[in-house]
1. Would you confirm, using the coordinates I've provided, whether residue 72 is surrounded by 12 or more Cβ atoms within 10 Å (Cβ to Cβ), touching a Ser or Thr at 6+ places or on another chain (Cβ under 9 Å), under 22 Å from residue 112 (Cα atoms) and touching a residue at least 12 places away in the same chain (Cβ under 8 Å)?
2. In the stretch 4-42, which residues are part of a loop (DSSP other than H, G, I, E, B) and closer than 30 Å to residue 64 by Cα?
3. Residue 101: surrounded by fewer than 17 Cβ atoms within 10 Å (Cβ to Cβ), charged (D, E, K, R), in contact with a helix residue (DSSP H, G or I) (Cβ under 7 Å, 6 or more places away or on another chain) and closer than 13 Å to residue 45 by Cα, yes or no?
4. Please state which of the following conditions residue 19 fails to meet, knowing it meets all the rest: (1) more than 18 Å from the chain's Cα centre (by Cα); (2) under 28 Å from residue 125 (Cβ atoms); (3) among the small types (Gly, Ala, Ser).
5. Go through the stretch 48-68 and count every residue that is over 14 Å from residue 102 (Cβ atoms) and either within 16 Å of the chain's Cα centre (by Cα) or surrounded by 13 or more Cβ atoms within 10 Å (Cβ to Cβ) (or both).
6. It is to be established whether one or more residues within the stretch 78-94 are in contact (Cβ under 8 Å) with a residue 12 or more places away in the chain, in contact with a helix residue (DSSP H, G or I) (Cβ under 7 Å, 6 or more places away or on another chain), aliphatic (A, V, I, L, M) and surrounded by 12 or more Cβ atoms within 10 Å (Cβ to Cβ).
7. Can you name the residue in the stretch 116-133 that is in contact with a strand residue (DSSP E or B) (Cβ under 7 Å, 6 or more places away or on another chain), not small (Gly, Ala, Ser) and not in a loop (DSSP other than H, G, I, E, B) and, of all such residues, is surrounded by the most Cβ atoms within 10 Å (Cβ to Cβ)?
8. Out of 146, 113, report the one residue that is surrounded by 14 or more Cβ atoms within 10 Å (Cβ to Cβ), touching a Gly at 6+ places or on another chain (Cβ under 9 Å) and not in a helix (DSSP H, G or I).
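The values are calculated or read from the model by the stated rules, or taken from the named source; none is laboratory data. Computed from a predicted model, the values in this text were never measured in an experiment. Here the Cβ positions follow ideal geometry from the backbone for every residue, glycine too, while neighbour counts run over all protein chains shown.
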Amino acid sequence: MDHSRLSMPLGEAIFTQRSIRRFKPDPIPLADIELILEAAVKAPNGGNQQLARFLIVRDRDTIREFGALYRDAWWAKRREEGFRQREDLPRQFHPAAGLADAMADVPCVVLALAMHNGPADSVLPAVQNLMLAARAIGIGSAPTTLHPSVMARFHEMFGIPNDVGFHFCVPLGYPQGKFGPNVRKPDLGDDLPRPMGHSGPLGVTGAA
């Protein structure tokens with residue numbers, strides 16, 4: 001496996017990574033998917049238990065079936081929030097709503113799971129590795145999840161045992177738009193109350 005293809009500087013990958021929700025229909029070569037997964041499994045994990053598992057979905061019919069489930073899950077969450085139809089959604093929801101409609105047509109879907117219903121903290125680092133590796137070779141991604149109301153359908157659809165927990169769904173594909181730079185607020189805790197006698201940013205600590 002040619003790991004040298006992941007030669008993009010880490011800082012560039014981090015600072016230009018963004019959620020990609022609009023994908024070209026072009027298929028991703030299997031060698032690229034294998035490289036991305038190899039990067040994913042190198043991530044640290046709790047107690048070195050290595051509970052994370054990845055189910056790769058490339059079959060067009062299966063992705064279309066999953067796309068319908070994903071759309072049901074996405075709207076189940078929106079209904080809980082009081083939104084009944086597309087016209088009710090705030091503007092910031094529109095890109096995610098577009099992905100809910102387009103999930104059935106993405107080139108590849110990665111389902112991030114955990115053996116023994118393991119916690120997300122053993123899966124999150126692997127998913128971030130996966131997305132950074134994808135970014136390094138020009139493949140876009142977005143971390144998404146599923147609503148509890150569809151989990152029984154999800155397990156049946158893929159024949160996943162009940163003791164294997166679901167954590168993330170990551171669509172992969174070549175972006176229709178561009179990667180970053182993105183815009184984020186600095187996480188210095190400026191919106192949190194200050195402890196007595198503390199006047200500096202909460203995100204910066206100093207020890208003599």
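1. Details: surrounded by 12 or more Cβ atoms within 10 Å (Cβ to Cβ): yes; touching a Ser or Thr at 6+ places or on another chain (Cβ under 9 Å): yes; under 22 Å from residue 112 (Cα atoms): yes; touching a residue at least 12 places away in the same chain (Cβ under 8 Å): yes.
Taking the combined requirement at face value, the residue satisfies it.
2. The answer is 17, 18, 20, 21, 22, 24, 25, 26, 27, 28, 29.
3. Numbers: surrounded by fewer than 17 Cβ atoms within 10 Å (Cβ to Cβ): yes; charged (D, E, K, R): yes; in contact with a helix residue (DSSP H, G or I) (Cβ under 7 Å, 6 or more places away or on another chain): yes; closer than 13 Å to residue 45 by Cα: no.
It is false that residue 101 is surrounded by fewer than 17 Cβ atoms within 10 Å (Cβ to Cβ), charged (D, E, K, R), in contact with a helix residue (DSSP H, G or I) (Cβ under 7 Å, 6 or more places away or on another chain) and closer than 13 Å to residue 45 by Cα.
4. Going through the list (1) more than 18 Å from the chain's Cα centre (by Cα); (2) under 28 Å from residue 125 (Cβ atoms); (3) among the small types (Gly, Ala, Ser), residue 19 breaks only (1).
5. Adding up the residues that qualify gives 11.
6. Among the residues of the stretch 78-94, not one is in contact (Cβ under 8 Å) with a residue 12 or more places away in the chain, in contact with a helix residue (DSSP H, G or I) (Cβ under 7 Å, 6 or more places away or on another chain), aliphatic (A, V, I, L, M) and surrounded by 12 or more Cβ atoms within 10 Å (Cβ to Cβ), which makes the answer no.
7. 130
8. That would be 113, the only listed residue that is surrounded by 14 or more Cβ atoms within 10 Å (Cβ to Cβ), touching a Gly at 6+ places or on another chain (Cβ under 9 Å) and not in a helix (DSSP H, G or I).
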